[in-house]
Each structure stands twice: as C-alpha cells, then as structure tokens.
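Scroll down for the structure; my scribbles are underneath it.
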Amino acid sequence: MTQTAKPKGGARLSGTSKSTTSSKSLPHPFIPAPKALSPFTDTLPKSSTTVYITHIDPRPATFKRNIFLVPISVNVAVVALFCWRMWVIAPYYFFLLASMLGYENHTTIRAADLAWGELARVIGRRTLTFMIDFLLAIFVWPWPYEFVFGASAGEAAGRGSPALWRWKVGFREKEVYVRRSRISWSKVLDGRDILDRDGKENREAREAVIKRVREATQPMILQRKTGYVTMDGEWDLDWKAMVDATKLVDKKEIELEEFGTVALLWHEEHGWISIDLGQGDTKQQEQRRKQLEAFRKALAALDKEELFFRWVEMIQFETTQPGGFTPERQVAAAKKVRDMFHEHGVDFDGLWKEAVGTDGLAGMP
C-alpha cells in the first residue's frame, strides 16, 4: 500500500492521512480509528498529547436528572453564599477604602491610640476577613462560573460547560460521554511517539497510555458508574465533544452504537488512531452491559447488591496488577469471587446462569 510521505520540517499531515493508514503499520494494540467516527474526530483538536474515550451510558434519564441535580444544588448554594457575603461585606470594604483616602469613619484606627493586644486583635480580625473573601473570590466563585460558562483558561478552555451541555442535549435514555485525558498525566506524551518501537521513553509512554486507557474502560467500571461521575484525577469530561457527538447522532451522520467504548488519539503521521481494548465489537459490548445489568438486578433482588460492586472492585484490582491479567490470575480471581459470594450464601455460577442465561460474558471464554 502506498504511504503518504511525511512533510519536511515535522509538519503535520492533513486529516486525510488516516484513510491511508494500515493496521499492519501500527504496533499492537493500536489500530486505525473507526472510519464511521470521522465526522466526530473532525471536531476534536488535533493534539498528540490528548487521549479521548467515548462510551454510551444507558441508565434511565430520570436517574441522570437526579444525579445532575447534585452539582446544580451545590452551585446554587455557592452563588447564594457569594451574594450574601457581598451584601454583608461590601459596605465594610467601602468604608475601608474611604478611610484609606483620608475620610475618617468607624473603620479608621490609629495605632498610637491602641494597646498592643487590642491592635493585634484588630489586625488579626481584618486579616482573617481578607483571607476568607480572597478564598471565596479565587477558589470558590469559579465553580458556578465554570459550571455555567466553562473554563476561560487552562486545559478545559473552550471545551464547553456542564450547564451548556445539558441545555443542548437534555436528558436521554442513551447518552454519549467523551472523556479527555488531563494534563496531569497526558504530558507523558509530549515529544514522544508512542508508535515508535524503539526508545525507552517511547515505550514507557505507550505502556502508560495503554494501562490508563484499559483501566478507565473496564466494562464493569462503566457499569458501576454513570457517565457524569467518570471524572477523576486522570480524566475529565469534554462537554463540547459530547454536544458535537450528540448532534451527529441526531443528524444520523453517526450511529449511536459507534460511540461504544472507543479510545482515540491523534498521531502526526497516521492521523486518528484507536486502541484495541479487547472488548469485541459494539454489539458484544452492548450484550455484556445487559448481562451485567441483569446480574446486578438479580443480586439486588436478594438484597446483595453490594456484592456486585465488591466483585467489580476485585476484578478491577486484579486486572491492573503488574504483569497483566494472566490465565493463572484469572483462575485465582475466579476462586476469590466464588469464595466471597459463598461467604454471603450466594452461588455465583448458579445465580449468573439463572439471571443471565449464559456461562460467561459475551465474546469471552
């Protein structure tokens, strides 16, 4: 296959290069990005230091609405606190300013007229007041501002806001979520080529990306968390990307199922590439989601739902250990799971068979 020559001087190739990328030219587990997602990737910034993860949250719209009411309530409370504080403290600062300009008032003090103890109390009280208002203005006030209007600086600048996302998308039975890697770890990609098989730094960057992406896309983790709470120290939600993805689905330019757990990364030579997550196709992912949901409901009916989440945590721990989730570790983990369920009077295999009707997750031995 004819490869498009890389421009001199390190210039990036146009987005059309992704159509000429061969999966054979990419090291495992990297593969060309799905062509069906091209309209979506065209809306993303072409940054080789940012990884994107898409997935579909199938939880009921009413549940998502209830979850979203929590940050709304918090931000409304912050605005109310800020307004109350302004109402109470604004006259005080006005009189302080007037005193500084030479207009004597009740805030004016003369150090020579006060004892050292009284002067220290006045200075301490005013310092505490200034500190409280400084913290409110610098650290607390940006919460509601960014919630409504989005960040004006930093890595999230121009990527929308939660309020604008909900305003444009609403609450749906099936929603597309897009996570973006935070600078706190994506900077490991800066100046490194994760597709280059040579070089220690390149290998370390490649292993870091694969490890973190697979940890973040564990099927049972996504089963436990609704999309809005998948933000953590390594991943943030990209509000603008979620709006763009939803619009493309509404316009029938991309099928909703195409967004089912896909990791995307821009590469200067190959364009948009993806990571083979070993989770099968989107139909298998949907089937697994239904299987896990059926098993969770079966445990909930027995008042044992907490077992489901402990099982998820146990598997997550085992799959993230150094050396990978080897067949030996899979056997050991299966025994731990059965023993844990047995201690609570539940036959894991029997309940799974009864609730799901299969011997295991779809597409897996």
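Data for the structure
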quantity: Whichever residue in the stretch 169-198 is assigned to a helix (DSSP H, G or I) and among the small types (Gly, Ala, Ser) and, among such residues, is modelled with the lowest pLDDT; calculated: 186
quantity: Where residue 176 falls short, out of the listed (1) touching a residue at least 24 places away in the same chain (Cβ under 8 Å); (2) farther than 21 Å from residue 56 by Cβ; (3) of a type outside the set (Asp, Glu); (4) in contact with a Ser or Thr (Cβ under 7 Å, 6 or more places away or on another chain); calculated: (2)
quantity: Qualifying residue in the stretch 150-160 (condition: in contact with a strand residue (DSSP E or B) (Cβ under 7 Å, 6 or more places away or on another chain), closer than 21 Å to residue 45 by Cα and surrounded by 15 or more Cβ atoms within 10 Å (Cβ to Cβ)); calculated: yes
quantity: Those residues of the stretch 251-270 which are free of Cβ contacts under 8 Å to residues at least 40 places away in the same chain and β-branched (Val, Ile, Thr), in sequence order; calculated: none
quantity: Unmet criterion (only one of (1) farther than 14 Å from residue 261 by Cβ; (2) in contact with an Asp or Glu (Cβ under 8 Å, 6 or more places away or on another chain); (3) modelled with pLDDT of 90 or more) for residue 42; calculated: (2)
quantity: Set 166, 125, 159: member being in a helix (DSSP H, G or I) and within 26 Å of residue 61 (Cα to Cα); calculated: 166
quantity: Pick from the stretch 107-122, criterion without any contact (Cβ under 8 Å) to a residue 12 or more places away in the chain and surrounded by 13 or more Cβ atoms within 10 Å (Cβ to Cβ), ranking: farthest from residue 239 (Cα to Cα); calculated: 114
quantity: Some residue of the stretch 124-140 being in contact (Cβ under 8 Å) with a residue 12 or more places away in the chain, under 30 Å from residue 243 (Cα atoms) and not charged (D, E, K, R); calculated: yes
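The values are calculated or read from the model by the stated rules, or taken from the named source; none is laboratory data. Everything numeric here is computed off the predicted structure, so don't read it as measured data. Note that we place each Cβ from the backbone using ideal geometry, even for glycine, and neighbour counts take in every protein chain shown.
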